[in-house]
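For reference, the structure discussed in these notes is given below.
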Amino acid sequence: MTPQLPWPPIRTVLLDMDGTLLDLRFDNQFWRELVPTRYAQRHGLPLAQARAEVAARTRAVEGTLAWYCLDYWTRELALDIVTLKREIEHLIAVHPHVLEFLDAVRATGRRVVLVTNAHQQSLALKLEKTRLAGHFDAIVCAHDLGLVKEQPEFWPRLREREPFDPATTLLVDDNLAILRAARTCGIAHLVSVLRPDSADPPKLPGEFPAIHDFSELLPVSECA
């Protein structure tokens, strides 16, 4: 179901990065292909075994700060994760209509904030490649707050850093666990993303209003 947002009361727009603004193809290729390949080479394992071990390790910490922490994975896998990301940095890409959306929302005077679980070094690489930093009023990294967005406790802590009224806030994210956590904290307007990875087929619509791309949230200029 395409969201019909009541734009007039919305004053703050919170946006996820990976899979929402940026194509998740980079991250999926990194964790599904490159990391298992390098892990197999580093530890002398068959590729199938390396894939299974990496998958099991990631599942064990999914939804925690460790899952997103490049320092953690560098230690756990004995791989230089930051350097590996550079090998496929050409896959870092902005989803269609994102820039149009960001500029249109800011033109209405609403506050636009990037809120990401990405590790600081991953965030820096992606902002370097996309040059998106100047399109936000603020950027908040979950690692600086010590919690991830999947945790309900994250959202009150975010409000201490970046004050917003949940009743007049929109969050767009591709992670259902995050949207559910935000809902428990009273964020009124929640939108999911149906195609976080351009190489995968779209997801089926679920419990939240959803978009295929950001053209479906326009035209905000008419709704300010």
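Annotations for the structure displayed:
- Residue that is nearest to residue 192 (Cα to Cα) [pool: residues in the stretch 141-171 that are of a type in the set (A, V, I, L, M) and buried (at least 17 other Cβ atoms within 10 Å of the Cβ)]: 171
- Condition met for residue 113 (within 19 Å of residue 25 (Cβ to Cβ), touching a residue at least 40 places away in the same chain (Cβ under 8 Å), touching a Leu at 6+ places or on another chain (Cβ under 6 Å) and crowded, with 16+ Cβ neighbours inside 10 Å): no
- Test for residue 177: is it among the small types (Gly, Ala, Ser) and either out of contact with any Gly (no Cβ under 7 Å at 6 or more places or on another chain) or crowded, with 16+ Cβ neighbours inside 10 Å (or both): no
Condition check ((1) of a type in the set (Ser, Thr, Tyr); (2) surrounded by 15 or more Cβ atoms within 10 Å (Cβ to Cβ); (3) within 23 Å of residue 143 (Cβ to Cβ); (4) touching a helix residue (DSSP H, G or I) at 6+ places or on another chain (Cβ under 6 Å)) across all residues:
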{"site": "50", "(1), (2), (3), (4)": "no, yes, no, yes"}
{"site": "58", "(1), (2), (3), (4)": "yes, yes, yes, no"}
{"site": "68", "(1), (2), (3), (4)": "yes, yes, yes, no"}
{"site": "75", "(1), (2), (3), (4)": "no, no, yes, no"}
{"site": "80", "(1), (2), (3), (4)": "no, no, yes, no"}
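- Count - residues of the stretch 211-224 that are modelled with pLDDT of 85 or more and closer than 21 Å to residue 110 by Cα: 7
- Qualifying residue in the stretch 196-206 (condition: outside any helix (DSSP H, G or I) and buried (at least 21 other Cβ atoms within 10 Å of the Cβ)): yes
The values are calculated or read from the model by the stated rules, or taken from the named source; none is laboratory data. Just so it is clear, the structure is predicted and the values come from calculations on it, not from any experiment. Quick reminder, even Gly has a Cβ in these numbers, built from the backbone with ideal geometry, and neighbours come from all protein chains shown.
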